[in-house]
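Asks: Quick one: the structure is below, questions incoming.
Values quoted throughout were computed directly from the atomic coordinates according to the rules given, and no laboratory measurement underlies them. Keep in mind the model is a prediction, meaning the values are calculated, not measured. With ideal geometry, Cβ positions are generated from the backbone for all residues, glycine too; neighbour counts draw on all protein chains shown.
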Amino acid sequence: MGKKKVWFITGASKGLGLSLVHQLLNAGQYVAATSRNIGELKKAVNNDSGKFLPLAVNLAEEKSVENAIKTTITKFERIDVVINNAGYGIGGSIEELSDAETRSSFDVNVFGTLNVIRKASPYLRAQRAGHIINIASIAGIAGATGWAVYAAAKSAVIALSEVSAEDLKEFGIKVTVVAPGAFRTSFLTADSLILAANPIAEYEEVRATHGKYLKMDGQQIGDPEKAAAAMISLASMPNPPLHLLLGNDAFQRANNKLESLQKEFKDWRPITISTDFDN
Ligand SMILES: NC(=O)c1ccc[n+]([C@@H]2O[C@H](COP(=O)([O-])OP(=O)(O)OC[C@H]3O[C@@H](n4cnc5c(N)ncnc54)[C@H](OP(=O)(O)O)[C@@H]3O)[C@@H](O)[C@H]2O)c1
């Protein structure tokens, strides 16, 4: 894995975040990890070494994130890799999901990520080094029926990653956005996934696709330990990718989307180019 690094990981009490923390600590790395529930996090990680810093953080609150980053710097003196992992799926058509349900999802999936980047950047800039790894989803590239808000949140994560990679390049800071397919974590369980509290019966296709996803729980093709290892490997690459798909399913969906986008752009080119001034 190379030299010892300091990692800051959000949403670490279970799933991909927990796999990352375990693997990194086993490799002797320094890990600051956040959770809404520090007791759960400590129990799940079960590591009393001075190399693990558990942090109770509300990612939607900028001050809470700022304090967590400061505490990490105070303890470990630097942050080399930030992994914005915390997130959850939210299902329902737009009219079924309330404003509050929708905003809560963006609070964690998007604003939490922005808060972490905003508060970590001054330190990474001063170091003239660092790597920000944002976990989006294949849903942010090729969204599925019934998951519009989740797709919107994760495509926001992809877009903000692409532009911040440009903005941070001059300071030697790298950005990678990871788009996993289906991984066998707690993602599809009632602990994590939110479905519209007030569904509308007429949305039969939305209900059918939710049913299909819920049945997938425990059967997902993706192994979270392998995903964690792949993400960890990014941090020692001299030229890591800006986009990384994880899983065969993600690879297929992303490539189908690319092909259909290319075809649509080409088919409609006459109208597209008809709007320019003639001179
Ligand atoms: N598994 C998949 O199929 C899949 C596919 C594509 C993308 N992803 C993305 O991968 C990331 C990790 O998910 P996972 O698969 O590991 O799922 P998970 O097992 O449910 O873990 C998600 C983590 O995110 C945090 N989290 C969940 N709901 C939250 C909420 N309402 N507020 C704040 N934090 C919350 C939790 O942190 P605490 O409980 O410790 O606070 C938890 O440790 C997420 O961003 C997810 O969107 C997963």
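Asks: What is the distance in Å between the Cα centres of region 28-97 and region 138-201?
Replies: What the calculation gives is 18 Å, centre to centre.
Asks: Mind checking which of G172, P240, Q29 is farthest towards the positive end of the chain's charge dipole, using Cβ charges of +1 (Lys, Arg) and -1 (Asp, Glu) about the Cα centre?
Replies: Q29
Asks: Distance cut-off 28 Å, Cα to Cα: go down the list K42/K226; K42/K212; K42/K215; K70/K174; K5/K169; K215/K266 and report the pairs above it.
Replies: Values: K42/K226 23 Å; K42/K212 34 Å; K42/K215 30 Å; K70/K174 21 Å; K5/K169 20 Å; K215/K266 38 Å.
Beyond 28 Å between Cα atoms: K42/K212; K42/K215; K215/K266.
Asks: Taking the Cα centre of the chain as origin and charging only Cβ (+1 Lys, Arg; -1 Asp, Glu), how large is the dipole, in debye to the nearest 20? Working shown, then result.
Replies: Values: 30 positive and 29 negative charges, 281 e Å.
Computed charge dipole of the chain: roughly 1340 debye.
Asks: If you bin every alpha carbon distance in region 173-279 into 5 Å steps from zero, what whole percent lands in each bin?
Replies: 2, 9, 12, 14, 14, 14, 12, 10, 7, 4, 2, 0
Asks: Another question, then. Please report, to two decimal places, log10 I(q)/I(0) for region 6-248 at q = 0.08 Å⁻¹ as given by the Debye formula with identical point scatterers on the Cα atoms and no solvent.
Replies: -0.28
Asks: Order these peptides, 247-257, 41-51, by their mean beta-carbon neighbour count within 10 angstrom, highest first. The partial results should precede the final answer.
Replies: Details: 247-257: 16.2, 41-51: 14.1.
The most tightly packed comes first, giving 247-257, 41-51.
Asks: Given the options G89, F277, M231, identify the residue whose Cα lies farthest towards the positive end of the charge dipole of the chain (+1 on Cβ of Lys, Arg; -1 on Cβ of Asp, Glu).
Replies: M231
Asks: For the chain, with the dipole built from +1 on Lys and Arg beta-carbon atoms and -1 on Asp and Glu ones, taken about the Cα centre, which of V108, S13, T189 lies farthest toward the positive end?
Replies: Towards the positive end, the residue furthest out is S13.
Asks: Go through 258-264, 34-40 and give me the packing order, highest mean Cβ count within 10 Å leading.
Replies: Numbers: 258-264: 10.6, 34-40: 17.1.
Per-residue mean Cβ counts within 10 Å order the peptides as 34-40, 258-264.
Asks: What is the dipole size for region 156-279, taken about its Cα centre, with +1 at each Lys and Arg Cβ and -1 at each Asp and Glu Cβ, in debye to the nearest 20? Please report the intermediate quantities before stating the final value.
Replies: Working: 12 positive and 17 negative charges, 82 e Å.
Roughly 400 debye, rounded to the nearest 20.
Asks: Could you sort 70-80, 94-104 so that the peptide with the highest average Cβ count within 10 Å comes first and the rest follow in order? Don't jump to the answer; show the numbers that get you there.
Replies: Numbers: 70-80: 16.3, 94-104: 14.3.
Highest to lowest by the protection proxy: 70-80, 94-104.
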